[in-house]
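The values are calculated or read from the model by the stated rules, or taken from the named source; none is laboratory data. None of the values given here were measured: they were computed from a predicted structure. As a convention, Cβ positions derive from the backbone with ideal geometry for all residues, glycine included, and neighbour counts pool all protein chains shown. These area figures cover heavy atoms from the full protein model, side chains too; ligands, DNA and RNA do not enter into them. Shrake-Rupley method; radii C 1.70, N 1.55, O 1.52, S 1.80 Å.
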There are 2 protein chains.
Amino acid sequence: MSLPAAHPLNPVSPASNAPASTADSALVRALRGESSAHVPVWFMRQAGRSLPEYRTVREGVAMLDACLRPDLAAEITLQPVRRHHVDAAVFFSDIVVPLKLAGVDVDIVPGRGPVFGSPVRTAAAVDALPELTADQLAPIAEAVRLTVAELGGTPLIGFAGAPFTLAAYLVEGGPSKDHLAARALMFAEPEVWERLVMKMADYSAAFLRAQVLAGASTVQLFDSWVGSLAPAVYRAHVRPASARVLASVADLRTVDARSVPRIHFGLAGPEMLCDLRDAGADAVGVDYRTELADAIDRLGLDVPVQGNLDPALLGAPSAVREAAADRILAAGQRAAGHVFNLGHGVPPTTDPDVLTRLVAHVHAWEATER
Amino acid sequence: MSLPAAHPLNPVSPASNAPASTADSALVRALRGESSAHVPVWFMRQAGRSLPEYRTVREGVAMLDACLRPDLAAEITLQPVRRHHVDAAVFFSDIVVPLKLAGVDVDIVPGRGPVFGSPVRTAAAVDALPELTADQLAPIAEAVRLTVAELGGTPLIGFAGAPFTLAAYLVEGGPSKDHLAARALMFAEPEVWERLVMKMADYSAAFLRAQVLAGASTVQLFDSWVGSLAPAVYRAHVRPASARVLASVADLRTVDARSVPRIHFGLAGPEMLCDLRDAGADAVGVDYRTELADAIDRLGLDVPVQGNLDPALLGAPSAVREAAADRILAAGQRAAGHVFNLGHGVPPTTDPDVLTRLVAHVHAWEATER
């Protein structure tokens, strides 16, 4: 397959052996609490089914195969940067990719999600989970290298699923509405649960480290299902595992010899925000159901925030959508840094032009006190 | 839409065939903020797949057919009362039953949920939704009469789905993970949304009135999906519809010539609790993710609460489960009234003996200051 070349209107730095510095990018500056000329913006799931060029390159290629082919993963990661002029790429992958690379029997069933050959609910099943080696991560490192070579000064966000979300899939054997089996294991056999969730942390940690070592400038840990937990249960049974993942990249440095900002996003209510921060995040991604101003009050003014337009507004009249975006932009000014984003992923049915116009709107927005 | 008129015998006459008084039952007393000899307990989805006697009577009978056969609905409603000695029956039905009775093309697909012939997303589709007449509700009234005749002094809780949850199914055309299409309609075409959600309110109101007129002593409005909304969005676009349902039974009286306590349950975080109360509830059902003590702090000491053991604890060792139940029971003492329940429905895989023992445990529990 021949992949499309870079969009002529979005020139990127010529490829070289070492990744370019992203230290002055709006995204990295916002995540470090430094000011920049505009509010940076990217979208969770920006690489994916909403883009016709994505549907073209994915034709006949299964999801996990697309994740494991370095040229294809890099191309898909770059597509939304070329099209929308967002301030960051997010590595195209799936949270189960590290498990797949390690040899776990998992597939992604279209319209359903990750499905495992057998659920993991016993100590023996946990112990039988294979190790993930650096060699096995080679396709990921290669995809990241290809991506950052083309991105130039635009940062790449490394991607990994949080241990609870991964473990919830494994315990259920696939997607579930309420993640009841995961909580049941947690309460009935807390030692087995802890071994499982810590093993998930190790997979995600290895996955993130490989991406940073290959050139990702920042990382985001995604905890899609954490909202099914009470905060006290999260703190007791889950947060240590998420903290292990976030800590795993603390010793790594970018090409600028600086630490790697870590974003932590959970699809959860406002009462979970401080727990996400306290897992060791440098910035917190905010769910669409929380007022950004409330999130900032809870987290404190020194914590950069990311978010949080309701994706349902992407189908609303532009005046309605932009008014909501403006309220979020205004609220974000109070935090140490603000990265504009949705409060959940881009729906597959989104009109991509709406996203492009939203990026331009955010970039043109003028803060009153900047 | 025509609501069932008050029956001539309702509210006053204690006719020979009138339902027995439930005014002194522990449930009704707790919901009125009156003390009783023990903490009342029932379980959301107590009538259902966890019971072998349920699976026997449902054999070969489709879900909606079971709901519409009065003898069968009554039998299923009574089964958990006989087995577990819970303090209340909850009417066995499904939230889409009023739509089905009105003639809407809907079926319940096993393992999936309610599926509609076509999604309702336009003003024309909303206007085409059929009226629900009192005649069509006859099988519901008959099932309730059969049930309360056997229940005696044990109260029957009337059951209805909240307008948002119903509308979310209709807009999506079936179950969905994030109810995005419902929010998209709300934001893109607020007038169409309002007509839809108010029409859902009328269906649920007629459904609840029929149950109360036939002998239900109290009602619960279930809003399973309300957690997908930000509180401000709930207040603007949904709460008026839920308030309409709760208000619809305000003029009805029990055989004791008293008002009908209204419980409002939403699967949502703590920040939604006061909104559920302010929709016009007399008592609020609390989701398993909120500490009951926190819920009481938010709602105020004068609001009876219901809940909220995590159903995932039903599979835990009994000492773990009972310790969690005891914490909830102790916290509940501070509220005007406390009805013990789960914080979500009984999972189909639950061992029914665990529920029976949990009822005995709650009944034997001694409050320190009672």
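Would you say B:PHE164 is open to solvent by less than 10 Å² (accessible area, probe 1.4 Å) and over 30 Å from B:SER21 (Cβ atoms)?
Values: open to solvent by less than 10 Å² (accessible area, probe 1.4 Å): yes; over 30 Å from B:SER21 (Cβ atoms): yes.
Yes; evaluated as a whole, the condition is true for this residue.
Do you know which of the residues in region B:350-367 that are in a loop (DSSP other than H, G, I, E, B) and in contact with a helix residue (DSSP H, G or I) (Cβ under 8 Å, 6 or more places away or on another chain) is farthest from B:SER318 (Cα to Cα)?
Taking the candidates together, the pick is B:ALA367.
So how many residues does region B:229-251 have that are open to solvent by 10 Å² or more (accessible area, probe 1.4 Å) and either within 14 Å of chain A (Cβ to nearest Cβ) or in contact with a Cys (Cβ under 9 Å, 6 or more places away or on another chain) (or both)?
The qualifying residues number 7.
Right, B:ALA293: in contact (Cβ under 8 Å) with a residue 24 or more places away in the chain, within 14 Å of another protein chain (Cβ to nearest Cβ), assigned to a loop (DSSP other than H, G, I, E, B) and under 30 Å from A:ALA188 (Cβ atoms) or not?
Taking the combined requirement at face value, the residue does not satisfy it.
Taking region A:209-228, which residues are open to solvent by less than 40 Å² (accessible area, probe 1.4 Å) and within 14 Å of another protein chain (Cβ to nearest Cβ)? Lay out the reasoning, then the answer.
The initial filter retains those residues of region A:209-228 that are open to solvent by less than 40 Å² (accessible area, probe 1.4 Å), namely A:210-212, A:214-223, A:226-228.
Hits for region A:209-228 are A:VAL226, A:GLY227, A:SER228.
Within region A:188-200, can one find any residue that is under 20 Å from the mean Cα position of the chain (by Cα), away from chain B (no Cβ under 14 Å) and within 30 Å of B:GLU271 (Cβ to Cβ)?
So far as region A:188-200 goes, yes, one or more of its residues are under 20 Å from the mean Cα position of the chain (by Cα), away from chain B (no Cβ under 14 Å) and within 30 Å of B:GLU271 (Cβ to Cβ).
Out of (1) on the phi > 0 side of the Ramachandran plot; (2) in contact with a strand residue (DSSP E or B) (Cβ under 7 Å, 6 or more places away or on another chain); (3) not charged (D, E, K, R), what's the single condition that is false for A:GLY48?
For A:GLY48, the failing item is (2).
Of the residues B:ARG82, B:ARG49, B:ARG55, which single one is in contact (Cβ under 8 Å) with a residue 24 or more places away in the chain and open to solvent by 10 Å² or more (accessible area, probe 1.4 Å)?
B:ARG49
Going through region B:314-327 one residue at a time, which ones are away from chain A (no Cβ under 12 Å) and open to solvent by less than 20 Å² (accessible area, probe 1.4 Å)?
B:ALA325
Kindly provide the set of residues from region A:68-116 that are more than 21 Å from A:ALA184 (Cβ to Cβ) and small (Gly, Ala, Ser), ordered by number.
A:ALA73, A:ALA74, A:ALA88, A:ALA89, A:SER93, A:ALA102, A:GLY103, A:GLY111
Looking only at region B:113-133, which residues are touching a Pro at 6+ places or on another chain (Cβ under 6 Å) and modelled with pLDDT of 95 or more?
Result: B:LEU132, single match.
Does A:ASP178 satisfy being closer than 23 Å to A:PHE265 by Cβ and within 13 Å of chain B (Cβ to nearest Cβ)?
Numbers: closer than 23 Å to A:PHE265 by Cβ: yes; within 13 Å of chain B (Cβ to nearest Cβ): yes.
The answer is yes for A:ASP178.
Applying the selection to region A:267-277, what residues are over 19 Å from A:LYS177 (Cα atoms) and touching a helix residue (DSSP H, G or I) at 6+ places or on another chain (Cβ under 7 Å)?
A:PRO270, A:GLU271, A:MET272, A:LEU273, A:CYS274, A:ASP275, A:ARG277
Do we have B:ASN341 as surrounded by 23 or more Cβ atoms within 10 Å (Cβ to Cβ), out of contact with any helix residue (DSSP H, G or I) (no Cβ under 8 Å at 6 or more places or on another chain) and either touching a residue at least 12 places away in the same chain (Cβ under 8 Å) or part of a loop (DSSP other than H, G, I, E, B) (or both) here?
Answer is yes for this residue.
May I ask you to say which residue of A:ALA184, A:ALA160, A:ALA125 is under 30 Å from B:SER318 (Cα atoms), more than 14 Å from every other protein chain (Cβ to nearest Cβ) and touching a Leu at 6+ places or on another chain (Cβ under 9 Å)?
A:ALA125
Hey, can you tell me all the residues within region B:114-141 that are open to solvent by less than 70 Å² (accessible area, probe 1.4 Å), part of a helix (DSSP H, G or I) and not β-branched (Val, Ile, Thr)?
Selection gives B:ALA123, B:ALA125, B:GLN136, B:LEU137, B:ALA138, B:PRO139, B:ALA141.
Does B:ALA281 satisfy the condition of being open to solvent by less than 40 Å² (accessible area, probe 1.4 Å) and touching a Lys or Arg at 6+ places or on another chain (Cβ under 6 Å)?
Values: open to solvent by less than 40 Å² (accessible area, probe 1.4 Å): yes; touching a Lys or Arg at 6+ places or on another chain (Cβ under 6 Å): yes.
It is true that B:ALA281 is open to solvent by less than 40 Å² (accessible area, probe 1.4 Å) and touching a Lys or Arg at 6+ places or on another chain (Cβ under 6 Å).
Scan region A:197-208 for residues that are under 19 Å from A:ARG253 (Cβ atoms) and buried (at least 24 other Cβ atoms within 10 Å of the Cβ) and jot them down.
A:PHE207, A:LEU208
Can you find a residue that is over 20 Å from B:SER224 (Cα atoms), within 22 Å of the chain's Cα centre (by Cα) and part of a loop (DSSP other than H, G, I, E, B) anywhere in region B:324-336? So that I can check it myself, show each step before the final result.
Just the residues of region B:324-336 that are over 20 Å from B:SER224 (Cα atoms), to begin with: B:324-336.
If we keep only those that are within 22 Å of the chain's Cα centre (by Cα) too, we end up with B:325, B:328-329, B:332, B:335-336.
With the extra rule that they be part of a loop (DSSP other than H, G, I, E, B), the set shrinks to B:335-336.
So far as region B:324-336 goes, yes, one or more of its residues are over 20 Å from B:SER224 (Cα atoms), within 22 Å of the chain's Cα centre (by Cα) and part of a loop (DSSP other than H, G, I, E, B).
Testing A:LEU151 on (1) crowded, with 20+ Cβ neighbours inside 10 Å; (2) in contact with a helix residue (DSSP H, G or I) (Cβ under 6 Å, 6 or more places away or on another chain), one condition comes back false. Which one is that?
Failed condition: (2).
For region A:260-283, give me each residue that is part of a helix (DSSP H, G or I) and within 13 Å of chain B (Cβ to nearest Cβ).
Passing the criteria: A:PRO270, A:GLU271, A:MET272, A:LEU273, A:ASP275.
Yes or no: region B:346-359 includes at least one residue that is open to solvent by 20 Å² or more (accessible area, probe 1.4 Å) and hydrophobic (A, V, I, L, M, F, W, C).
Looking through region B:346-359, none of the residues is open to solvent by 20 Å² or more (accessible area, probe 1.4 Å) and hydrophobic (A, V, I, L, M, F, W, C).
Can you tell me which residues in region B:296-313 are in a helix (DSSP H, G or I), open to solvent by 10 Å² or more (accessible area, probe 1.4 Å) and more than 9 Å from chain A (Cβ to nearest Cβ)?
Hits for region B:296-313 are B:ASP297, B:ARG298.
Identify all residues within region B:152-171 that are out of contact with any strand residue (DSSP E or B) (no Cβ under 8 Å at 6 or more places or on another chain) and closer than 10 Å to B:TRP225 by Cβ; write none if there are none.
Those that are out of contact with any strand residue (DSSP E or B) (no Cβ under 8 Å at 6 or more places or on another chain) and closer than 10 Å to B:TRP225 by Cβ: B:LEU166, B:ALA167, B:ALA168.
Tell me the helices (runs of 4 or more DSSP H) entirely within region B:176-259 that contain at least 1 residues that are closer than 23 Å to B:ALA102 by Cα and free of Cβ contacts under 8 Å to residues at least 60 places away in the same chain.
B:180-188, B:190-213, B:239-247
Between residues in region A:313-326 that are more than 18 Å from A:HIS363 (Cβ to Cβ) and residues that are among the small types (Gly, Ala, Ser) and modelled with pLDDT under 95, which pairs lie under 6 Å by C-beta distance while being six or more apart or on different chains?
From region A:313-326, no pairs qualify.
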